[in-house]
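Since the structure comes first, as structure tokens, the remarks are kept for the end.
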Amino acid sequence: MSGALSSIRVLELSRVLAGPWAGQILADLGAEVIKVERPGVGDDTRHWGPPFLKDAQGKETSEAAYFLSANRNKRSITVDLRRPEGQRLIRDLACRSDVLLENFKVGGLAAYGLDYASLRSINPRLVYCSITGFGQTGPYAERPGYDFMIQAMGGLMSLTGRADGEVGAGPLKVGVAVTDIFTGLYAAVAVLAALYHCKQSGIGQYIDLALMDVQVACLANQTLNYLTTGQPPRRLGNAHPNIVPYQDFPTADGSFILTVGNDEQFHSFCEVAGHPEWSLDERFASNQVRVAHRDKLIPLIRQTTVFRTTADWLAALEAVGVPCGPINDLAQVFADPQIVARRLQIELPHPLAGMVPQVASPIRLSGTPVSYRQAPPLLGEHTEQVLTEVLGLGDEIAALRQSGVI
């Protein structure tokens, strides 16, 4: 079986995480993704370590774990975009591509004749996706943008962390660059929509994606909590602003997560906890009143959960259909029987390490399943191959390499 996007060629001129994440999604779905990198340097994340991938003898290779997380199923070529010969190569590749992903600063590629207007004139079907910190318009358009600062500016950190007055209170970033990840996901969705339109119309289009826009859009219920009340939501630690009880609770040997989603589940929890009277209390009988009286209910629950072990709570609550779970570290995650059964940890052959670990795509398609064809590439590993196969170059390649264009 061929992948769903096996007829699509993507030219990826992006680095770090948001653009490469989008490229990896498209590559997993079968697209041919050609990653263009700077000669001798490559994607910034190639150097973001330790940790680095180790070979069979346990020695570190040149491949940073960060880079390995977002670049499988791609071919890497090195091209110096500052050189006219390099710009010509990219234009020729763009003529033969369906999609171009880039995350240069606003207007950054225009100086090279590689902006959307220039490439559209030679390939009207091209879907051109630009990812920037703040988008192509607005007073911040010229500013660089990184995930951490966007989490702060876009409101996420105002919602993340312990509540004011608690020990350790204050804003926190999420432990993963979620703004970059979400932007990569939105980019992939936008590209697929534009490709579908192109299939119908024969015309490509320009996609303007901003990390800031994505961050604000992804605040979901919290944005509407504010827009409908005019009151900025406050940090609640692990608690939920709209559902109670929905947070972590202490146990005799640690803690666990309790996520009561409706009143029936709350009734079942109360039975297991040995306090059926809670579900009859007018302060706690419905989620609406539980939210209003969380300061009364949560201490009562904490005083109860602490007397039984985590395993005891999980077994008892799962038996009556109350959603709950342990708080796992990554070692526990990848040992979890559900993760093992779903085969989320995979390995791919790697030229330096023998094998490289990867996390499987969560996309499960019955007719055109995700394929894992190639490990994240070495810097410039496929330059000659791509220039030969896609552009039909021959003897010129040696001259380009000798002059430092590739």
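The values are calculated or read from the model by the stated rules, or taken from the named source; none is laboratory data. Note that the coordinates shown come from a computational prediction; the quantities given were computed from them, not determined experimentally. Reconstructed Cβ throughout: ideal geometry from the backbone, glycine too, with neighbour counts over all protein chains shown. Side chains are part of the model used for accessible areas, which takes the heavy atoms of the whole protein and leaves out ligands, DNA and RNA. Shrake-Rupley method; radii C 1.70, N 1.55, O 1.52, S 1.80 Å.
In the Gaussian network model of the chain, springs joining C-alpha atoms below 10 Å, which of 311, 65, 187 carries the largest mean-square fluctuation?
Of 311, 65, 187, the most mobile in the Gaussian network model is 311.
Say the dipole of the chain comes from +1 at the beta carbon of Lys and Arg and -1 at that of Asp and Glu; which of 340, 268, 249 then lies farthest toward its positive end?
340
Could you tell me which trypsin sites (Lys or Arg not before Pro) in segment 321-399 are loop residues by DSSP with no more than 12 other beta carbons within 10 angstrom of their beta carbon?
Values: sites: 342, 343, 364, 373; in loops: 342, 343, 364, 373.
The qualifying sites are 342, 343, 364.
Report, for the chain, the % of DSSP beta bridges that are antiparallel, rounded to 5.
Numbers: 17 of 40 bridges.
Once the DSSP bridges in the chain are tallied, antiparallel ones form about 45 percent.
Over the Cα atoms of the chain, what is the Rg over Rh ratio if Rh follows Kirkwood?
1.05
Using 1/(1 + (r/R0)^6) with R0 = 51 angstrom and r between the beta carbons of residue 148 and residue 59, what's the FRET efficiency to the nearest 0.05?
0.95
Would you work out the charge dipole size for segment 53-167 about its Cα centre, treating the Cβ of every Lys and Arg as +1 and the Cβ of every Asp and Glu as -1, and quote it to the nearest 20 debye? Show your work: numbers first, answer last.
Working: 15 positive and 13 negative charges, 100 e Å.
In debye, rounded to 20, segment 53-167 gives about 480.
Note down the accessible area of residue 218, probe 1.4 Å, to the nearest 10 Å².
Taking all protein chains as shown, residue 218 has close to 40 Å².
Of 326, 299, 232, which has the largest mean-square fluctuation in a 10 Å C-alpha GNM of the chain?
Comparing 326, 299, 232 in the GNM, the peak value goes to 299.
Using a Gaussian network model of the chain with C-alpha springs under 10 Å, which one of 315, 193, 117 is most mobile by mean-square fluctuation?
315
Show that you can apply the helix-only estimate: for the chain, add -39,500 (n - 2.57) for every DSSP H stretch of four or more residues, divide by all residues, and state [θ] at 222 nm to the nearest 500.
Values: 17 runs with 145 residues, N = 406.
That comes out to -10000 deg cm²/dmol.
Cα convex hull of segment 179-303: mean projected area in nm², to one decimal? Provide the component values of the computation, followed by the final result.
Working: hull surface 46.6 nm².
Seen from a random direction, the Cα hull of segment 179-303 projects 11.6 nm² on average.
Within segment 68-169, report the GluC sites (Glu not before Pro) that DSSP leaves as loop and that have at most 16 other Cβ atoms within 10 Å.
Details: sites: 85, 102, 142, 166; in loops: 142, 166.
Counting only loop positions with at most 16 other Cβ atoms within 10 Å, the GluC sites (Glu not before Pro) in segment 68-169 are 142, 166.
Filter the trypsin sites (Lys or Arg not before Pro) in segment 20-60 down to the DSSP loop ones having no more than 16 other Cβ atoms within 10 Å, then list what survives.
Values: sites: 35, 46, 54, 59; in loops: 59.
Loop-located and lightly packed - 59.
Take the alpha carbon atoms of segment 171-212, find their center, do the same for segment 42-70, and report the distance between the two centers in whole angstrom.
27
Cα convex hull of segment 291-406: mean projected area in nm², to one decimal? Write out the running numbers ahead of the final one.
Working: hull surface 60.8 nm².
In nm², the orientation-averaged hull projection of segment 291-406 is 15.2.
Quick one: length gained pulling residue 335 to residue 216 fully straight, 0.36 nm per residue minus the C-alpha distance? Intermediate values should be presented prior to the final figure.
Values: separation 119, 0.36 × 119 = 42.84 nm, distance 3.45 nm.
Here the segment from residue 335 to residue 216 would lengthen by 39.4 nm.
How big is the dipole moment of the chain about its Cα centre under a simple scheme where the beta carbon of each Lys and Arg is +1, that of each Asp and Glu is -1, and everything else is neutral? Debye, nearest 20, please. Kindly include the intermediate steps, with their values, before the conclusion.
On the way: 35 positive and 41 negative charges, 144 e Å.
For the chain, the charge dipole is close to 700 debye.
Keeping the other protein chains in place, figure out the carbon and sulfur percent of the accessible area of the chain, with a 1.4 Å probe. Intermediate values should be presented prior to the final figure.
Values: 11300 of 20130 Å².
That fraction is 56 percent.
Name all residues of segment 86-115 having a backbone nitrogen under 15 Å from the label point set 7 Å from the Cα of residue 396 along its Cα→Cβ direction, giving them as ranges.
Of the residues in segment 86-115, 86-96 have backbone N under 15 Å from the label point off residue 396.
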